[in-house]
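Visitor: I'd like to ask some things about the structure below.
The numbers here are math on the coordinates, done by the rules we state, and not lab data. A quick note: this is a predicted structure, and the numbers were derived from the prediction, not measured. Because the Cβ atoms are built from the backbone with ideal geometry, glycine has one as well, and the counts that use them run over all protein chains shown.
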Amino acid sequence: MEHLYNPDSQLQLLNAIKDNDSVVLKQLYTTNYYKIEALVLKNNGSKDHAKDVYQEAFITVWKNVKNDRFIPENETALQGYLYQIAKNKWMDILRSPRFKKTKMIQHELNVLDKNIDQNGHEKDEEHEFFRKRLEQTMEAFKNLGAPCKELLTAFYYDKASLRDIANKLKIEENTARTKKYRCMEKLRQLALASKK
Amino acid sequence: MYGKTASVGFSLEKIRTLKNNSNITPELLETIERYHNGSMVQEERIAFEEQLSQDADLKLVVEDIKITLLGIETQALKERMDEFHKEIPENRSVQTSTPKVRFLSFTKIAIAAGIIIALGMFWLLNGSTNDRLYSKHFKPDPGLPTTMSSSDNFVFYDGMVNYKQGDYKKAISKWEKLDKKSPGNDTINYFLGVAYLADKNADEAVSYLNKTIANSESVFLEDALYYLGLAYLKSDRTEAAIQEFQKSKSEKSQEILKDLK
């Protein structure tokens, strides 16, 4: 395929994020945290608040990158985006009755993020249903037995090949395939069984 | 209505019933996975999407697997983040660049409407078999050479790559985001129109192409009129089609008019 654009650092970054590249994600995570911490600490928050809000924002960014919802506009666009989302989330918290001090005018920040973030801006039924199912799946996965959890993480998150996984577990590739399938079925059943 | 392929109303009950009645096979699971991670080759993907559009149950399963995969990844990332967090260096450099954020002093982000300049490209379109005339006349557009500067162009190109590969749905989804960002851009409207048309969704095509021709200065005016005519033709609105072809002065339109008489 011909290359129509210059792959600059942002694009490489985006691709690495889509691959869940551990090194890149860790780097992105660790280098951008303090900006948010400083922001939250300066604005009536604690370190725990900072961590929560930052992690939520990080997941949102990761998701939007995966879904091609994020459009880089300059060399540090992604970092700026992460900051912006975290900031918005924190502002939402500040605006909640407990923190409310000043009447806020609905700002026009983050037009991009507006209809896709997790702050409940968009609450149509389908969205709500999707969100709920996702939560159930995450909860089920969190509590899934270690063998299944490790296998599914290796395959779906770290994108390891079945062969590599099989080698690691010292089993046949086909056995790994079957295990993976059974684990998926188990997870899906658990997710569906939770919180009727 | 037809344009929003994704918005099928899902219900938990539906999925549950489905799950109880039919366990999916390992083969189907792997097929769906390949669909989601984009590793299907074009022919297979097109065939699969065709099947999806006809099989509501399959669609539910595909959606369910999608949520499951996202759930696994999201939860895994969540757990990784806690590990990352322990590795944040303690010796924080003084927060030099932390802007003072006061409650009311948000920096306004000017979301400049990115204007996409016309791009050099080729069409690769699947002619439809529905309509003899339509398929006879539905031909590649020669495209225009151009330059790129802003990053919006990246998304535009990115969508163009999908478009050329025949993945019109993906191209459309990317371009629609651009359209939201800079509504009224005739280039985006034009390509959304032709992409919808190539994706056999004449109704959406008509809507976007009409937006394109609303701008009488548009360089796409002639082509848009022509494709608008074709879109009408495809939806059997011959009179409307003739009208558009008559408005267009291009040879292509004249030819098709001859055939229509």
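Visitor: State the extension gain, in nm to one decimal, for the chain segment bounded by residue B:44 and residue B:28, taking 0.36 nm per residue of separation less the distance between their alpha-carbons. Numbers along the way, then the final one.
Guide: Details: separation 16, 0.36 × 16 = 5.76 nm, distance 1.35 nm.
Difference between extended and current length: 4.4 nm.
Visitor: Mind ordering B:220-233, B:243-256 by average Cβ neighbours within 10 Å, highest first? If you can, show how the numbers build up before the last one.
Guide: Numbers: B:220-233: 24.9, B:243-256: 16.9.
Per-residue Cβ counts within 10 Å, averaged per peptide and sorted highest first, yield B:220-233, B:243-256.
Visitor: How much net charge surrounds residue A:159 when only other residues with a Cβ under 11 Å from its Cβ are counted (Lys, Arg +1; Asp, Glu -1)? Don't skip to the answer; put the middle values down first.
Guide: Numbers: positive: A:18; negative: A:19, A:21, A:158, A:164, B:73.
Summing Lys and Arg as +1 and Asp and Glu as -1 gives -4.
Visitor: Taking each residue of B:81-90 in turn, how many C-beta atoms of other protein chains fall within 10 Å of its C-beta, and what is the average? Kindly include the intermediate steps, with their values, before the conclusion.
Guide: Working: counts 9, 2, 3, 10, 7, 1, 3, 9, 4, 0.
If you average over the peptide's residues, the count of other-chain Cβ atoms is 5.
Visitor: Sticking with this structure for a sec: Highest first, please rank the peptides B:36-49, A:19-32, B:194-207 by the mean number of other Cβ atoms sitting within 10 Å of their residues.
Guide: Working: B:36-49: 13.2, A:19-32: 16.2, B:194-207: 22.0.
Ranking, from highest mean packing down: B:194-207, A:19-32, B:36-49.
Visitor: Further question on the same structure: If packing is taken as the average number of other Cβ atoms within 10 Å across a peptide's residues, how do A:185-191, B:208-214 rank, most packed first? Before the final figure, lay out each step's value.
Guide: On the way: A:185-191: 18.1, B:208-214: 22.3.
Per-residue mean Cβ counts within 10 Å order the peptides as B:208-214, A:185-191.
Visitor: For Cα pairs less than 8 Å apart in space and 6+ apart in sequence, what is the mean separation divided by the residue count of segment A:125-193, i.e. the relative contact order in percent?
Guide: Worked out over segment A:125-193, it gives 42 percent.
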